[in-house]
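Q: Quick one: the structure is below, and I'll ask about it shortly.
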Amino acid sequence: MKEEPTEGLRVLVVDDEKSIRKFLRVSLSAHGYHVSEARTAQESFEVYASSHPDIILLDLGLPDMDGVVVAGELRKRVKIPIIVLTVREDEKSKISALDNGADDYLTKPFGMGELLARMRAVMRRMVPVEEGAVYKCDNFSVDFTKRIVQIEGKRVHLTPTEYDILRILILSGGKILTHRQILQEVWNKSDDSEEIDHLLRVTMSNLRNKIEPNPDRPAYILTEPGVGYRFRTPSD
Amino acid sequence: MIFRKSEFLNDLMKKLYFKSLGLVVFMSLLGEFIHRHIEPTNLVMLYLLAVVVSASIWGRGPAIFTSIISVIAFDFLFAPPRFTMSVYDAQYILTFSGLFIVGIVISELTAKMRERTIEASRRETQIELLKTKEKLQTAILNSISHDLRTPLVSITGALSSILNNGKHLDKEMQTELIKTAYDESTRLNRIFGNLLDMTRIESGTLKVSYRPCEMRDVIGVSLEELKPDLEERNVHIDIARDLPDVTMDFVFITKVLINLIDNAVKYSPPESSIYVSAQRADNSLHIVIKDEGFGISRKDLPKVFDKFYRGEGTEKMHGTGLGLPICKSIVEAHKGRIWLESVEGRGTTVTVELPLRQD
């Protein structure tokens, strides 16, 4: 995997577990990150103000405030990427953290390689894919002005809904979009009833049939089980 | 069979037959007062009442006994000629039989009802027991998903960092990561130990083996075990110089102290102090662990020794709610006492009192 320079990037680690902060501090410093730490939600706001981080690693199980709320609060104040760390298996908290502005999540326990890759990916996404331009990756291209999708030079005909889903997934630059976010963007529906959820799944399946070389093992649109979808960026 | 031998002996032991006899005497005295005003046959009602009372309170045997002595008492005291066992009128034979048969039937019915009630309450206890068991299992599962995973996160993270990014890490960093992994595996071991101890206590297989121990040793080992957590903490230790060796189970009392000191660390701010002391108080030893932490609310205080109880606001902190109950069981197995004083916002003091044996 290609290593990108992380020299001098500031990362804020928010976790109430001393040992977790410690191994993150040592490992991230070794990769050139400047690490600041906070034990509680309250501290995270204070440390944020004094250390101006470029990226935040946020544990969802903080003692003083619900991590999902903290993610929302931090998102209100800052535009920098937030990666949520959670031991919770339940999808709900991950989804609401993502809905509240987190950029990605990592389920504990995780390996350092995985964390570093995720951090590089969210940092890269900070450079947004511009609408109006042509998106190209491998044999895949989307012309956003003409609404034309081509695979290996051949035009693929998408319905307006299929095209909208593909567009927002590409424009979010590999970030996970939750079901709710897609429903909101494409259908302007905020409730995720079973019916509309089914509609999303069917549309997604049709879209994959049209663009994926092997729809059973998607290469472009990846499923995050129980959470949502993300578009695979070339370096993933 | 109406009488069961074991039941009879059991009732005899509890003096239930004397009580039945007392009841019949009471009814007879009452009859003596009112017999001038009512028909002798109606006095039978008083004795039937005695049978009902004795059947419903004392059970089958005493009820049958009551009906027999009621027949005798009625015959002797009220059936004319009074104060003899003979009767003038043959219809009294009918009254006697009536009294006797009704007495037996009531006894049987009541006994069945009692048995059913006992069976029902036994079932209820069984259900309670199952519920407690289920609660233990849920607690163990919760611990596995949360408490056991937290140390694992650091272990996995630290080791993966060394494995994959060795070239980025200098020797000092590597040592620090290995130390983190080691400390956390010790913590994992401690959590497992607590769960195992609890199951041992639950099943009654906790065995205490006594030997004379030096308090300095016991406290030293406990503090050593918690070293990673105490590194940046201010711990004051005060062990009386004239303490004799104390007979105890070294391993278990160490566990108690580790749990208590760990609590003090967990529930107090990092800059506050922790005090550990061991002093003699008459014929016992007092080990006191004091923190300047968040304290425990009045509402939570009486429940802290209950299994699985977590104080309000501590749900998000790591812990199984087993530490203090385990301490209590261990201390009580040593014939000692443990108590806790706490002021919310000021701190908590836990005292372990162990008897100083003269052997």
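Q: Do we have A:SER29 as of a type in the set (Ser, Thr, Tyr) and either more than 13 Å from chain B (Cβ to nearest Cβ) or under 18 Å from the mean Cα position of the chain (by Cα) (or both) here?
A: Judged against the criteria, A:SER29 is not a match.
Q: Could you name every one of the helices (runs of 4 or more DSSP H) located completely within segment B:1-99 that has at least 1 residues being of a type in the set (Asp, Glu) and in the same structural domain as B:THR117 (by TED's automatic domain parsing)?
A: B:5-13, B:16-34, B:60-77
Q: Please work out which residue is modelled with the highest pLDDT, limiting yourself to segment B:149-173 and to residues that are touching a helix residue (DSSP H, G or I) at 6+ places or on another chain (Cβ under 6 Å) and more than 8 Å from every other protein chain (Cβ to nearest Cβ).
A: B:LEU159
Q: Tell me whether segment A:220-227 contains one or more residues that are of a type in the set (Gly, Ala, Ser), at pLDDT below 90 and either farther than 23 Å from A:LYS94 by Cβ or touching a Ser or Thr at 6+ places or on another chain (Cβ under 7 Å) (or both).
A: Within segment A:220-227, not a single residue is of a type in the set (Gly, Ala, Ser), at pLDDT below 90 and either farther than 23 Å from A:LYS94 by Cβ or touching a Ser or Thr at 6+ places or on another chain (Cβ under 7 Å) (or both).
Q: Filter segment A:190-211 for residues that are within 21 Å of the chain's Cα centre (by Cα) and not in a helix (DSSP H, G or I) and give the result.
A: A:SER190, A:ASP192
Q: For segment A:173-215, give me the residue count where each residue is within 30 Å of A:ARG120 (Cβ to Cβ) and in contact with a helix residue (DSSP H, G or I) (Cβ under 9 Å, 6 or more places away or on another chain).
A: Number of matching residues: 18.
Q: Which of the residues belonging to segment A:37-58 are buried (at least 19 other Cβ atoms within 10 Å of the Cβ) and of a type in the set (S, T, N, Q)?
A: If the condition is that a residue be buried (at least 19 other Cβ atoms within 10 Å of the Cβ) and of a type in the set (S, T, N, Q), then A:SER44 is the only one that fits.
Q: How many residues, within segment A:35-64, are over 13 Å from A:ASP15 (Cβ atoms) and away from chain B (no Cβ under 14 Å)?
A: Number satisfying all stated conditions: 10.
Q: Give me a count of the residues in segment A:33-44 that are under 13 Å from A:MET65 (Cα atoms) and under 22 Å from the mean Cα position of the chain (by Cα).
A: Result for segment A:33-44: 2.
Q: Another question, if that's okay. From the list B:LEU285, B:LEU322, which one is under 20 Å from B:ASP249 (Cα atoms), surrounded by 14 or more Cβ atoms within 10 Å (Cβ to Cβ) and at pLDDT below 85?
A: Only one candidate qualifies: B:LEU322.
Q: Where in segment B:194-263 are the strands (runs of 3 or more DSSP E), entirely inside, with at least 1 residues that are touching a residue at least 60 places away in the same chain (Cβ under 8 Å)?
A: In segment B:194-263, the matching strands (runs of 3 or more DSSP E) lie at B:246-248.
The values are calculated or read from the model by the stated rules, or taken from the named source; none is laboratory data. In this text, all values refer to a predicted model and were calculated from it rather than measured experimentally. No Cβ is skipped: glycine too gets one built from the backbone with ideal geometry, and neighbour counts run over all protein chains shown.
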